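Written below as structure tokens is the structure these notes are about.
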Amino acid sequence: MPDAAPDDLLLAWLDAQTPPAARPWVTLTYAQSLDGSLAAPGGARQTLSGPDSLHLTHRLRAWHDCILVGIGTVLNDDPSLTVRLVAGTSPRPIVLDSQLRLPASARLLKMGARPLILTGEQASLERAQRLRAAGAEVASIPARASGGLDLLHVLPTRHHLGLRRLMVEGGSRVLHSILTQRLGDCLVVTVAPQLVAGTPALAAPPPDGRPWPALIDPRWSQAGQDAILWARLEGPES
């Protein structure tokens, strides 16, 4: 009898988890090289995921209601964030964009699901109006004292509006923010057999001096040439 595909193993594991009561389940995902790089030197786009792990990523997207990225990812890659490789419903895009730099030509604005742009309270009203005219929802949220937008403020609100499962595709800054705020429930990492010496996944320690959340009960599987790691993340009470 053949071994179960990593897609099936991971999705069965996710289905068995107990979600938080007052906010969405948050899955933190990214692909890195063997030396821990997310992108080429200077932040240039670097293809890391092979066909099998990319297929897994699209199944993960279909499992979630929304998918969150930082504005840097949108400006560098202009992603569609759809589930075009598998059957299922594409998650609604959410973009962290404190200065409203998202261009009106971005593919996210043309893919059907209305993107949600989370921005700072001092963002340009003119830019917000332009993005709304292009089809986006724009919402202002407070900033954290240490910098960046305060997702802890918005996630419980969105939970009550029907967001139950949120997939976060890092971006180094987004990874750092989610892990620092301890908002992730699980981590899914694709490790590609490449050496890049580029932009690291985590370039600085948490600003509060605490260690990064521990990985609980990690699992490994193989997707083509790539290795896939998934694990629960230690919560804020630990």
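The values are calculated or read from the model by the stated rules, or taken from the named source; none is laboratory data. These numbers were taken from a predicted model, which means no experiment stands behind them. Because the Cβ atoms are built from the backbone with ideal geometry, glycine has one as well, and the counts that use them run over all protein chains shown. Please note that ligands, DNA and RNA were not included when accessible areas were found on the heavy atoms of the full protein model with its side chains. Shrake-Rupley method; radii C 1.70, N 1.55, O 1.52, S 1.80 Å.
Here are the numbers for this structure:
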| item | result |
| --- | --- |
| Boolean, A104 is closer than 27 Å to D150 by Cβ, out of contact with any Pro (no Cβ under 7 Å at 6 or more places or on another chain) and of a type in the set (G, A, S) | yes |
| Matching option when the condition is over 16 Å from the mean Cα position of the chain (by Cα), open to solvent by 50 Å² or more (accessible area, probe 1.4 Å) and in contact (Cβ under 8 Å) with a residue 60 or more places away in the chain, among Q99, Q46 | Q46 |
| Any hit, segment 19-31, residues being surrounded by 18 or more Cβ atoms within 10 Å (Cβ to Cβ) and aromatic (F, W, Y) | yes |
| Filter result (of a type in the set (D, E, K, R) and closer than 30 Å to R59 by Cβ) within segment 85-132 | R92, D97, R107, K110, R114 |
| Single unsatisfied condition, L54 versus (1) over 15 Å from the mean Cα position of the chain (by Cα); (2) among the hydrophobic types (A, V, I, L, M, F, W, C); (3) open to solvent by 40 Å² or more (accessible area, probe 1.4 Å); (4) under 24 Å from A192 (Cβ atoms) | (1) |
| Residues (under 13 Å from I228 (Cβ atoms) and either at pLDDT 90 or above or assigned to a loop (DSSP other than H, G, I, E, B) (or both)) located in segment 1-13 | A4, A5, L9, L10, L11, W13 |
| Conditions (1) open to solvent by less than 40 Å² (accessible area, probe 1.4 Å); (2) in a helix (DSSP H, G or I); (3) under 27 Å from T180 (Cα atoms): number failed by A123 | (2) |
| Residues satisfying the stated conditions in segment 151-176, i.e. open to solvent by 20 Å² or more (accessible area, probe 1.4 Å) and at pLDDT 85 or above | R164, R165, E169, S172, R173, H176 |
| One residue from A214, A203, A145 being free of Cβ contacts under 8 Å to residues at least 40 places away in the same chain and within 29 Å of A40 (Cβ to Cβ) | A203 |
| Counted residues, segment 181-230 - those being acidic (D, E) and open to solvent by less than 20 Å² (accessible area, probe 1.4 Å) | 2 |
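This table checks each residue for (1) touching an Asp or Glu at 6+ places or on another chain (Cβ under 8 Å); (2) basic (K, R); (3) surrounded by fewer than 22 Cβ atoms within 10 Å (Cβ to Cβ).
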| residue | (1), (2), (3) |
| --- | --- |
| A40 | no, no, yes |
| G50 | yes, no, yes |
| R59 | yes, yes, yes |
| W63 | no, no, yes |
| N76 | no, no, yes |
